[in-house]
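**Student:** Following this message is one structure expressed as structure tokens.
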Amino acid sequence: MLIIPIKDGENIDRALKRYKRKFDKTGVVRQLRSRQAFIKPSVVKRAQVQKAAYVQNMRDNLES
């Protein structure tokens with residue numbers, strides 16, 4: 001459970017913004033979405049390799 005202490009005279013919008021930022025950093029939504037369907041480790045690794053190759057190709061194209 002996230003606890004956001006509100007200071008005296010603090011605007012509720014600012015406190016809500018701090019709450020949202022803290023919630024995003026915990027990664028709860030990302031973890032929930034990733035657990036909805038099982039993806040084999042080999043598929044995850046293959047996707048990471050493909051992404052790395054794509055990024056490297058983009059960087060090489062920018063240099064030349």
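**Student:** Give me a count of the residues in the range 4-30 that are assigned to a helix (DSSP H, G or I) and exposed (fewer than 10 other Cβ atoms within 10 Å of the Cβ). If you could, list the steps in order and put the result at the bottom.
**Tutor:** Filtering the range 4-30 for residues assigned to a helix (DSSP H, G or I) gives 12-26, 28-30.
Filter once more, so that each one left must be exposed (fewer than 10 other Cβ atoms within 10 Å of the Cβ): 12-13, 25.
So the answer is 3.
**Student:** All but one of (1) open to solvent by 90 Å² or more (accessible area, probe 1.4 Å); (2) in a helix (DSSP H, G or I) hold for Met1, so report the exception by its number.
**Tutor:** (2) is the only condition that Met1 fails.
**Student:** Can I ask one more? Report, ordered by the first and then the second residue, all pairs with beta carbons closer than 9 Å, sequence separation of six or more or different chains, a first member in the range 35-60 that is surrounded by 10 or more Cβ atoms within 10 Å (Cβ to Cβ), and a second member that is not small (Gly, Ala, Ser).
**Tutor:** Here the result reads Ala47/Ile39, each pair linking the range 35-60 to a residue that is not small (Gly, Ala, Ser).
**Student:** How many of the residues in the range 31-44 are part of a helix (DSSP H, G or I) and within 18 Å of the chain's Cα centre (by Cα)?
**Tutor:** Taking the range 31-44 as the starting set, the residues that turn out to be part of a helix (DSSP H, G or I) are 31-34, 41-44.
Filter once more, so that each one left must be within 18 Å of the chain's Cα centre (by Cα): 31-34, 44.
Residues that pass the stated criteria total 5.
The values are calculated or read from the model by the stated rules, or taken from the named source; none is laboratory data. All values derive from a computational prediction rather than experimental measurement. So basically every Cβ, Gly included, is an ideal-geometry build from the backbone, and we count neighbours across all protein chains shown. These accessible areas exclude ligands, DNA and RNA; they are computed on the full protein's heavy atoms, side chains included. Shrake-Rupley method; radii C 1.70, N 1.55, O 1.52, S 1.80 Å.
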